[in-house]
């Protein structure tokens, strides 16, 4: 069984004269040590690397894929909504166990990150 690596980068840059559109980070696979949508920003840069390994064999009568994984994440964004000269950086590391159930993916794990933030999570369904 081979390990799988899923690198991801996301950059949202908004010009000063654009609309007041806001984005948010936080939650599983989006700086996991912060709660869902805890970091609002007008612009940000985000990068992550995820490595996971399947624990169960294939070809059984009941094939329930179970995985263990680790995620490293980093984001950089302006501190204020209107002042883009000062920027903050945050990081997070997550460890999880997941399963591909007949009803959808299931994840259970925890994360640790910037400022000693911690978050435990239970996610059911597809994450984007």
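The values are calculated or read from the model by the stated rules, or taken from the named source; none is laboratory data. Source: prediction; values computed, not measured. Using ideal geometry, Cβ is built from the backbone for each residue, glycine included, and neighbour counts are taken over all protein chains shown.
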* Asked: Of all the residues that make up segment 63-80, how many are at pLDDT below 75 and in contact with a strand residue (DSSP E or B) (Cβ under 8 Å, 6 or more places away or on another chain)?
  -> 1
* List the number of the failed condition for residue 25; all other conditions in (1) more than 11 Å from the chain's Cα centre (by Cα); (2) at pLDDT below 90 hold. => (1)
